[in-house]
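Only the coordinates and a few stated rules stand behind these numbers; no lab work does. Just so we're clear, the structure is a prediction, and the values are computed from it rather than from any experiment. Here the Cβ positions follow ideal geometry from the backbone for every residue, glycine too, while neighbour counts run over all protein chains shown.
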Amino acid sequence: MQAGQLANRSQPATHLVLAIDLSQSMRWLGRLQMVQAGVERLLDQLGPSDRLSLVIFNEQVLHRVELASAADAPAVRSLLASLAPRGGTNIAAGLQQAVSLAMLDSSDIDADEMTAKRLVLITDSQPYLSPAMQD
C-alpha cells in the first residue's frame, strides 16, 4: 500500500530565534553536531515567509544572524559548519541578544500574514542567577 502525499497546510509566517550555546561542554557526546543537524533540517523546512535568526554564544555573543530566509540557507549552513565549541557559558548575554532579535520588526515578511515569533534556547548548561536577580 502506498499513501498519497500530504497536503500542504497554510500556516502563518514564523520568525524563529535560536540562541545556541557554543561553550566547551557542547563538544561532548556530539551535542553540537546534533544541534547542527537539527538546524540543517529546519533550514529545509523554511517557507517563503519564514525567517530564522541565530545568536551563537559562549562567554560572549560570537555570531548574530538576523531574519535569514530560505534563500540565505547556504550562508547559514556555512556558518554552522565553521562552529567550534570553546570557553564558558554566558546564558544571560545569549538570551539578551536573542530577545532583542525576537522583538525586531519583521516588516519584510508578507504584511498580509500574522508572524508568529518563537525563541528557543539550546544549551546544556545550568542557568545561574545572581542573588540580586533572584529577588
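Of all residues in the stretch 55-80, count the ones that are in contact (Cβ under 8 Å) with a residue 24 or more places away in the chain and touching a helix residue (DSSP H, G or I) at 6+ places or on another chain (Cβ under 7 Å).
10
Looking only at the stretch 24-54, count every residue that is touching a helix residue (DSSP H, G or I) at 6+ places or on another chain (Cβ under 8 Å) and closer than 16 Å to Ala98 by Cβ and tell me the total.
Total meeting the criteria: 5.
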